[in-house]
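Student: Input: one structure, supplied below.
The values are calculated or read from the model by the stated rules, or taken from the named source; none is laboratory data. Bear in mind the structure is a predicted one, so any value in this text is a computation, not a measurement. A quick note on method: Cβ atoms are made from the backbone with ideal geometry, for glycine too, and the neighbour counts reach across all protein chains shown. Protein only, heavy atoms only, side chains kept; ligands, DNA and RNA dropped before computing areas. Shrake-Rupley method; radii C 1.70, N 1.55, O 1.52, S 1.80 Å.
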Amino acid sequence: MTSNEKDVLTQLVERDKYGLELVSGSEGRLKKNAIYVILGRMEDKGLIEGRSEPAPSGSQGPPRRRYMATDKGKVYLEDALNVEKLLNGEPLP
């Protein structure tokens, strides 16, 4: 798991978010110019799911996409966090 995937999944386990919300919530780790490439790859892997929502009223932009972690993504994150704990000599829950 890449650090970007870990960051995205950690945020999406808490709640569904838009791409730019993920950038804002990453404390500078995720960049605007790369977030949608990362999200597309994660969707291809089945770790997250994006769904289109209408643009906010009064906006003339395209529909927005809200992302959520899939069950596969949640398991993937949990496994990765457990591996980190083992490598750091911490006990597993």
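Student: Taking all protein chains in place and a 1.4 Å probe, what share, in percent, of the accessible surface of the chain do carbon and sulfur account for?
Tutor: 52
Student: How much mean residue ellipticity at 222 nm does the chain get from its helices, if each DSSP H run of length 4 or more adds -39500 (n - 2.57) and you divide by all residues, to the nearest 500 deg cm²/dmol?
Tutor: Helix-only estimate at 222 nm: -15000 deg cm²/dmol.
Student: Helix 3-14 versus the longest principal axis of the chain: what is the Cα-based angle in degrees, 0 to 90, to the nearest 10?
Tutor: Result, in degrees: 70.
Student: Next question, about the same structure. Accessible area per residue of region 1-64 at 1.4 Å probe, in Å²? Don't jump to the answer; show the numbers that get you there.
Tutor: Details: 4000 Å² over 64 residues.
I get 62 Å² per residue for this part.
Student: Along the charge dipole of the chain, which of VAL75, VAL23, SER3 sits closest to the positive end, that is, farthest toward it, with unit charges on the beta carbon of Lys, Arg, Asp and Glu (+1, +1, -1, -1)?
Tutor: So the residue furthest toward the plus end is VAL23.
Student: Right, next: Roughly what angle does helix 35-45 make with the longest principal axis of the chain, taking Cα atoms, 0 to 90 degrees, to the nearest 10?
Tutor: Between helix and principal axis, roughly 60 degrees.
Student: Here is a follow-up. Taking the chain as the reference, fit the longest principal axis to its C-alpha atoms, fit the long axis of helix 71-87 to the helix C-alpha atoms, and give the angle between the two in degrees, 0 to 90, nearest 10.
Tutor: Roughly 40 degrees between the two axes.
Student: Go through SER59, LEU92, VAL13 and say which Cα lies farthest out towards the positive end of the charge dipole of the chain; charges sit on Cβ, +1 for Lys and Arg, -1 for Asp and Glu.
Tutor: My answer, from the dipole projection, is SER59.
Student: Related question: Simple spin-label model, 7 Å along Cα-to-Cβ: SER26 to ARG65 in nm?
Tutor: 1.4
Student: Rounded to the nearest 20 Debye, what is the dipole magnitude of the chain about its Cα centre when Lys and Arg each give +1 and Asp and Glu each give -1 at the C-beta? Could the numbers behind the result be given before it?
Tutor: Values: 15 positive and 15 negative charges, 75 e Å.
Charge dipole, the chain, about its Cα centre: 360 debye, nearest 20.
Student: Still on this structure, please answer the following. Beyond a 21 Å Cα-Cα separation, which of these cross-linked pairs lie in this structure: LYS17/LYS85; LYS31/LYS74; LYS6/LYS32; LYS6/LYS72; LYS45/LYS85; LYS6/LYS74?
Tutor: Correct reply: LYS17/LYS85; LYS31/LYS74; LYS45/LYS85.
Student: Another question about this same structure. Based on the mean of other Cβ atoms within 10 Å per residue, sort peptides 14-20, 46-52, 60-66 so the most packed one is first.
Tutor: Working: 14-20: 14.4, 46-52: 16.3, 60-66: 11.0.
Listed from highest to lowest mean packing, they are 46-52, 14-20, 60-66.
Student: Turning to a different aspect of this structure: For Rg/Rh (Cα atoms, Kirkwood Rh), the listed values are [x] 0.94; [y] 1.00; [z] 1.04; which was obtained by calculation from the structure presented?
Tutor: Comparing each candidate, only [z] matches the computed number.
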